[in-house]
Amino acid sequence: MREPILLTPGPLTTALATKAAMLTDWGSWDSRFNELTRSVCHDLLTIANGRHSHACIPLQGSGTYAVEAAIANLVPRTGKLLVLVNGAYGKRMAQIAQYLDRDYSVYETADDTPPSADTLAMLLQDDPTISHVGLIHCETSTGILNPLADIAAVVHATGRKLIVDAMSSFGALPIDVAALHIDALIASSNKCLEGVPGMGFVIANQDSLLASRGNSHSLALDLLAQYEYMQATGQWRFTPPTHVVAALRVALDQYLAEGGQSARLARYAANATLLQQRLGEAGLLLFLPTELQAPIILTFHAPAHLGYQFKAFYEAVREQGFVLYPGKLTSQETFRVGCIGAIDSAEIEQACHTITTTIRQLGWTQ
Ligand SMILES: *Cc1c(COP(=O)(O)O)cnc(C)c1O
């Protein structure tokens with residue numbers, strides 16, 4: 001039997017070549033491994049258009065470690081972070097600020113409502129102590145796309161700094177850190193770059209990074225220390241996730257061969273459209289209006305049948321080779337289907353067939 005296809009937003013289904021890249025053991029002192037790290041960081045900076053203004057600092061751990069490191073390093077202890085929240089990852093960013101004992105406030109909108117740039121401008125005018133704004137680009141809890149360019153314009157015009165959690169969008173949606181004056185962008189190996197989990201990275205404005213000395217409360221999450229050590233030695237400060245870096249190198253090779261960001265976006269957008277169309281034909285409707293839905297992960301209303309249970313649905317679909325994701329809304333019964341990873345229309349067609357026949361077999365159709 002083949003491995004199940006992960007319709008989840010990272011870990012996700014990776015290409016065979018990416019998995020195969022993990023069959024080599026690397027010494028952390030080996031100059032060939034250091035060259036892998038350097039070339040990965042170079043490519044990540046290029047994708048973000050940050051080569052002349054920003055630095056890429058890779059960090060061991062999952063994406064949240066990198067978000068926490070970015071806030072700990074770039075928001076000074078005397079600063080204040082305004083977090084724009086419309087889902088679980090926005091809430092997590094606010095919680096990080098609380099843990100780090102940074103002053104923060106929250107501008108929260110409903111799960112299906114992007115933050116308004118005008119409201120943000122008012123909030124920034126009302127509170128001059130706010131030094132930084134935190135935004136989740138694609139809020140993975142629903143898949144909603146937040147208006148990065150509009151928010152970035154307001155943050156820049158009011159002299160504040162923007163920290164963007166682009167975990168689930170980086171590599172697929174276009175993001176220009178220089179043009180948008182993004183102070184720090186955070187993403188990880190295992191989402192739209194189609195690597196395996198184990199490292200995050202922060203693309204930080206060089207001046208802000210160099211000015212961050214003394215901000216970090218944490219030794220392991222000190223980005224400036226990681227950066228300076230890497231600049232001096234080519235090595236990671238502590239044991240590097242060698243196999244993850246090697247897999248990401250191969251995943252980036254495939255990314256570039258596919259045609260880079262626009263090609264990746266085109267494949268994901270085609271996946272999303274097909275998913276919406278096929279499940280729509282079976283009466284399964286999107287939670288978000290189409291124009292707010294990013295082509296990363298789609299939230300669908302669960303079948304409106306009293307007997308519906310996600311667990312039974314998940315197990316039956318899993319049995320047939322596809323891994324779904326539960327919904328993350330408390331108010332409504334939903335499920336999520338990711339459209340990122342090394343999959344295209346063939347896998348999406350099969351997945352939709354499996355989902356719709358399973359719902360019929362379980363008797364959840366009206
Ligand atoms: C995946 C993700 C993260 C990081 O989650 P980890 O489980 O720590 O990898 C953060 N923000 C967003 C928007 C994400 O999609």
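We did not get these values from a lab; they are worked out from the coordinates using the rules stated. Computed from a prediction, not measured in an experiment: that's the story for all the values here. Neighbour counts are summed over all protein chains in view; Cβ atoms, including those assigned to glycine, are modelled from backbone coordinates with ideal geometry.
Over segment 17-256, what is the relative contact order in percent, taking alpha-carbon pairs closer than 8 angstrom and at least six residues apart?
Once normalised by length, the contact order is 30 percent.
Given 0.36 nm per residue, what is the gain on full extension from ASP344 to ARG2 after removing their alpha carbon distance, in nm? Walk me through the numbers before you get to the answer.
Details: separation 342, 0.36 × 342 = 123.12 nm, distance 1.65 nm.
Between ASP344 and ARG2, full extension yields an extra 121.5 nm.
Take the Cα pairs of segment 224-307, get the Kirkwood Rh, then feed it into Stokes-Einstein at 37 °C and 0.692 mPa s and tell me D in µm²/s.
197
Taking a point 7 angstrom from the Cα of SER31 along the C-beta vector, which residues in segment 199-238 have backbone N less than 20 Å away?
229-237, by backbone N distance to the label point.
Which cross-chain or sequence-distant (5 or more) residues have an amide H under 5 Å from the amide H of PHE322, H modelled 1.01 Å from N in plane?
Under 5 Å from the amide H of PHE322 lie the amide H atoms of ILE5, each far enough along the sequence or on another chain.
Given the convex hull of the Cα atoms of the chain, what is a quarter of its surface area in nm²?
Spelled out: convex hull of the Cα atoms, projected over all directions, averaged, 18.0 nm².
Roughly what would the spin-label model give for ALA20 and GLN235, points 7 Å off Cα along C-beta, in nm?
The modelled label-to-label distance comes out at 3.1 nm.
In terms of modelled amide H atoms, which long-range or inter-chain residues lie less than 5 Å from the amide H of LEU162?
Amide H neighbours of LEU162, under 5 Å, 5+ apart: VAL133, ASP183, ALA184.
At LYS91 and ASP127, where each label point lies 7 Å from the Cα along Cα→Cβ, what is the point-to-point distance in nanometres?
Label-label distance for LYS91 and ASP127, simple model: 1.9 nm.
At what distance in angstrom do the alpha carbon centres of segment 152-222 and segment 118-149 lie from each other?
15
Add +1 for every Lys or Arg and -1 for every Asp or Glu among the other residues with Cβ under 14 Å from the Cβ of GLN293, and state the total.
Residues near GLN293 contribute -3 overall.
Please state the relative contact order of segment 172-229 as a whole percent: Cα pairs under 8 Å, 6+ residues apart?
Here the relative contact order equals 24 percent.
Can you run phi through the Karplus equation (6.51, -1.76, 1.60; θ = phi - 60°) for segment 39-45 and list ³J(HN,Hα) in whole Hz, with x for Gly and Pro?
With coefficients 6.51, -1.76 and 1.60, one gets 6, 4, 5, 4, 5, 5, 5 Hz.
What is the distance, in nm, between label points placed 7 Å from the Cα along the Cα-to-Cβ direction at SER39 and at HIS217?
Label-label distance for SER39 and HIS217, simple model: 4.0 nm.
In this model, which of LYS19/LYS91; LYS91/LYS328; LYS19/LYS311; LYS91/LYS161 are farther than 22 Å apart at the alpha-carbon?
With Cα atoms farther than 22 Å apart: LYS19/LYS91; LYS19/LYS311.
In whole Hz, what ³J(HN,Hα) sequence does segment 345-355 give by Karplus (6.51, -1.76, 1.60; θ = phi - 60°), x for Gly and Pro?
Listing the rounded values in order: 4, 4, 5, 5, 4, 5, 5, 5, 4, 4, 4 Hz.
Sorting check: for 64-75, 226-237, 317-328, 6-17, which peptide has the highest mean count of neighbouring beta carbons within 10 Å, and how do the rest follow?
Going by the mean number of other Cβ atoms within 10 Å, highest first, we get 64-75, 6-17, 317-328, 226-237.
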